[in-house]
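Heads up: the structure comes next, in structure tokens.
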Amino acid sequence: MYEISRVDILLIENDLAQVNRIEKLLKLSKSLSSRLEYSFELSKGLEYLSEKKKDIILLDLYLPDSKGLETLRTVYSEANDIPILIISDSDNELLAAQALRGGAQDYILKEDLNPGMLSRVILYAIRRKQAELRLREQECRLSQIIEGGSVPTLVLDREHRVTHWNKACEALTEKTAEEMIGTTNHWSAFYCHERPLLADLILDENTDSIQKYYTGEIRQSSLVEGAYEAVDYLPCMGRQGRWLFFTAAPLYDQGGEIIGSVETFLDITERKRIENRLKRRTKDLRRTVSELKSANSKIAEQQKKALEDERMKTILQIAGVAAHDIKQPLTVLMGHIDLMKDEPGNPENLKQHIDEIDECSVRISKILNRFKNVRLIDTGASQTTASIIPDSISARMLLIEDDPQDFKALKGKFNKYPGIKISHASSMREGLDKIMSENFEVILLDYSLPDGDGLKFLTELRSLQKEIPVIVISGQGDEIIASRVIQMGAYDYLPKPAIGDGEILVRSIATVLEKSHIKLELKRTQEKLVEMSTRDEMTGLYNRRYFMEALDREISRALRYNSDLVLCVIDLDNFKLINDSFGHPAGDMIIECVGKILKSHIRDSDLICRFGGEEFAAIFPGIDIDDAARVCGRFCETLAKQNFEYEGKSINATMSAGLASLHELRKKTRAELVRAADSALYRSKDTGRDRITLHSALATT
């Protein structure tokens, strides 16, 4: 709670004895440090107020130069946001009620004042005003988040009712928030037939059924605990269907119980169309490459044969030998061998044939000797490859690699991309130190390092709460390692041999940077929505779910410390008639204004909520039912005096209330307390409305 060091008090009181008494009470207070300035006349007090801002004003209504409620009206008009406490000699309940309606924080009898009481009412009034200002600021921020969020988002409560449907979601689904909020028909914005969304499955803790409903890619989120991500095609959205990227996460209360869920949507239809076109083109390209390889193989064989023929022809030409020079002695040689076979018994003919064979052999030997003097030249074929170079990207990258040669090779692959600024670390510890002292947009991590592996690094990085995308590289591809590092939060895994000329690596970095940006934006939005999940959107009050859990806690605390607790249930009278007569927008305006009225009349320790529709409820811990009834009386009186204007029409509204005290119940349970307060509310309705009924009085009757 905000601490108040010293309180500047302006006391406007015409009785010197009372001034001295109040000054003495303030000095005796142990819980309040104060500085008092007083005036016996209203005019002088207003001069003091204009000279220096005060923290609080203690005001006697009857002064020499002003009397009664006119005194309060004059001070209130000059006080701005300064709380006013009325101190009076008169125990006049009507005057007290009128003063509270006129803007006073409280009405106190002078004879009841003591150091402790005076300190408490002063601090309470100041803190309530501070709380009002803080709530006003928070409401402004929440409104900006809701209206300015660029990611389509919906929020469900525990009963699967839509509590939030932002403008981006309206644009995506063509369903308005007015159509969706308060219903369980959110499925109709996405599907042709009723079925759960990812947020519904998360809310029911039925994650095993995600595979049943989502046929695309599904994984547990590495950014948000308990969240899941999925990709699926929705044929009923738009004219040609849409591809969406879903992220759904549970919303927890302070006790760790799920109280709702949030789901965000990213339209990736165009990206999927591009991917499908690329897949088709890749398939066509692979088929073309295969056909080219087959054709190239045939051409290569033909070229090889032609080349060998040409080489032989060239050799023979260089050696000065024609083809017939070799063919003629070979023909003669083969002929004499055949004759020797035909004439095996004639020695003279055999000798002649042998002489001819010797002559042919000498001629062939001379030709071969001439071949030996020819220098053979080996002709090699060169290959050229073409690749598509991706667009230029910019990023600050940390490359963690312990092998100097691998680092040099990897760094060289980025020479064509001057926008990638590389910082080097040769060990896990050096890399983590650089991460703490410098800003990086992506990390390229060798899996095997001297002081740990990639899994240990990812664990350390998570403990540092640094959300920097990591691409793991390894000397050899290993599907098990790839699966484990992806599960630990790595964005990609690449074997070093597959990196090639670096194009694959640069493409991976570009994809990872885009994915990281999207995830961070989604996480920020989800965190804001978790903060908003316990509030009613229209009034800014707590919602029913949060209220019932808070009531359980307050009952337990009251029983533990043997203190009282009062529940007040409030219902706007004839609200359906207002909606039917002036329209639902007018009714919404009145509900919003009633929420502001209720917030302005409760203490910091009290809790108020919109129970549903035109019904509200308040918890008053630590006070008895009579004190709570007085507060509720202020609610009713303030509303009854309020004149609402809508489109030039004047509207009046009243409320009925029922109160029940925990001390007065036999069964001290939440259900019994709510039942008792409801019974008192029904009696207020049955007996004419615009009134308060205590359950204790009802029981006595």
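I435 falls short of the stated requirement of being farther than 19 Å from I504 by Cα and over 26 Å from the mean Cα position of the chain (by Cα). None of R560, R545 is closer than 18 Å to I619 by Cα and modelled with pLDDT under 90 except R545. Please indicate, with yes or no, whether at least one residue in region 199-209 is farther than 26 Å from S483 by Cα, in contact with a Cys (Cβ under 7 Å, 6 or more places away or on another chain), modelled with pLDDT of 90 or more and open to solvent by less than 50 Å² (accessible area, probe 1.4 Å). Within region 199-209, none of the residues are farther than 26 Å from S483 by Cα, in contact with a Cys (Cβ under 7 Å, 6 or more places away or on another chain), modelled with pLDDT of 90 or more and open to solvent by less than 50 Å² (accessible area, probe 1.4 Å).
Within region 485-509, the set of residues being open to solvent by 40 Å² or more (accessible area, probe 1.4 Å) and hydrophobic (A, V, I, L, M, F, W, C) comprises I486, M488, A498, I504. Among all positions in region 452-468, there is at least one residue which is farther than 22 Å from S426 by Cβ, of a type in the set (D, E), modelled with pLDDT of 85 or more and surrounded by 14 or more Cβ atoms within 10 Å (Cβ to Cβ). Being of a type in the set (G, A, S) and either in contact with a Ser or Thr (Cβ under 8 Å, 6 or more places away or on another chain) or open to solvent by less than 50 Å² (accessible area, probe 1.4 Å) (or both) is a property that S188 has. Out of L94, L123, L100, one residue alone is open to solvent by 40 Å² or more (accessible area, probe 1.4 Å) and assigned to a helix (DSSP H, G or I). It is L94. Tell me which residues, restricted to region 442-451, are touching a Gly at 6+ places or on another chain (Cβ under 6 Å) and either over 15 Å from A425 (Cα atoms) or not hydrophobic (A, V, I, L, M, F, W, C) (or both). Passing the criteria: only Y447.
Only one of the numbered conditions (1) closer than 19 Å to K515 by Cα; (2) open to solvent by less than 30 Å² (accessible area, probe 1.4 Å); (3) touching a helix residue (DSSP H, G or I) at 6+ places or on another chain (Cβ under 8 Å) is violated by A482, and that is (3). The residues listed here are G255, G226; of these, the one that is surrounded by fewer than 13 Cβ atoms within 10 Å (Cβ to Cβ) and touching a residue at least 24 places away in the same chain (Cβ under 8 Å) is G255.
Residues of region 559-572 that are in contact (Cβ under 8 Å) with a residue 60 or more places away in the chain and surrounded by fewer than 21 Cβ atoms within 10 Å (Cβ to Cβ): L559, D564. Go through region 63-86 and give me each residue that's part of a loop (DSSP other than H, G, I, E, B) and open to solvent by 40 Å² or more (accessible area, probe 1.4 Å). Result: P64, D65, K67, N80, D81. Tell me, please, whether a residue that is open to solvent by 10 Å² or more (accessible area, probe 1.4 Å), in a strand (DSSP E or B) and either touching an Asp or Glu at 6+ places or on another chain (Cβ under 8 Å) or farther than 22 Å from G102 by Cα (or both) can be found in region 578-595. Looking through region 578-595, none of the residues is open to solvent by 10 Å² or more (accessible area, probe 1.4 Å), in a strand (DSSP E or B) and either touching an Asp or Glu at 6+ places or on another chain (Cβ under 8 Å) or farther than 22 Å from G102 by Cα (or both). Kindly establish whether L16 is buried (at least 16 other Cβ atoms within 10 Å of the Cβ) and under 17 Å from E111 (Cα atoms). Considered against the rule, which asks whether it is buried (at least 16 other Cβ atoms within 10 Å of the Cβ) and under 17 Å from E111 (Cα atoms), L16 comes out as no.
Per-residue answers, yes or no, for (1) assigned to a helix (DSSP H, G or I); (2) hydrophobic (A, V, I, L, M, F, W, C); (3) crowded, with 20+ Cβ neighbours inside 10 Å:
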| site | (1), (2), (3) |
| --- | --- |
| N20 | yes, no, no |
| L26 | yes, yes, yes |
| K30 | no, no, no |
| E37 | no, no, no |
| K44 | yes, no, no |
| L49 | yes, yes, yes |
| I57 | no, yes, yes |
| L61 | no, yes, yes |
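Only residues that are of a type in the set (A, V, I, L, M, F, W, C), open to solvent by less than 30 Å² (accessible area, probe 1.4 Å) and assigned to a helix (DSSP H, G or I) were counted across region 657-701, and they come to 7. Among the residues of region 422-429, are any open to solvent by 50 Å² or more (accessible area, probe 1.4 Å) and within 26 Å of the chain's Cα centre (by Cα)? No, region 422-429 contains no residue that is open to solvent by 50 Å² or more (accessible area, probe 1.4 Å) and within 26 Å of the chain's Cα centre (by Cα). Can you say whether L461 is outside any strand (DSSP E or B), closer than 20 Å to T511 by Cβ, in contact with an Asp or Glu (Cβ under 8 Å, 6 or more places away or on another chain) and not basic (K, R), as far as the supplied structure shows? Spelling it out, it is not the case that L461 is outside any strand (DSSP E or B), closer than 20 Å to T511 by Cβ, in contact with an Asp or Glu (Cβ under 8 Å, 6 or more places away or on another chain) and not basic (K, R). Quick one: which of V472, V442 is in contact (Cβ under 8 Å) with a residue 12 or more places away in the chain, within 25 Å of the chain's Cα centre (by Cα) and surrounded by 16 or more Cβ atoms within 10 Å (Cβ to Cβ)? The conditions single out V442. When region 401-454 is filtered for residues that are acidic (D, E), touching a Lys or Arg at 6+ places or on another chain (Cβ under 8 Å) and either closer than 14 Å to V470 by Cα or in a strand (DSSP E or B) (or both), only E441 remains.
The values are calculated or read from the model by the stated rules, or taken from the named source; none is laboratory data. Predicted, not measured: the structure shown is a model, and the values here were computed from it. Cβ: placed from backbone, ideal geometry, glycine included. Neighbour counts: every protein chain shown. Ligands, DNA and RNA are excluded from the accessible area calculation, which covers all protein heavy atoms including side chains. Shrake-Rupley method; radii C 1.70, N 1.55, O 1.52, S 1.80 Å.
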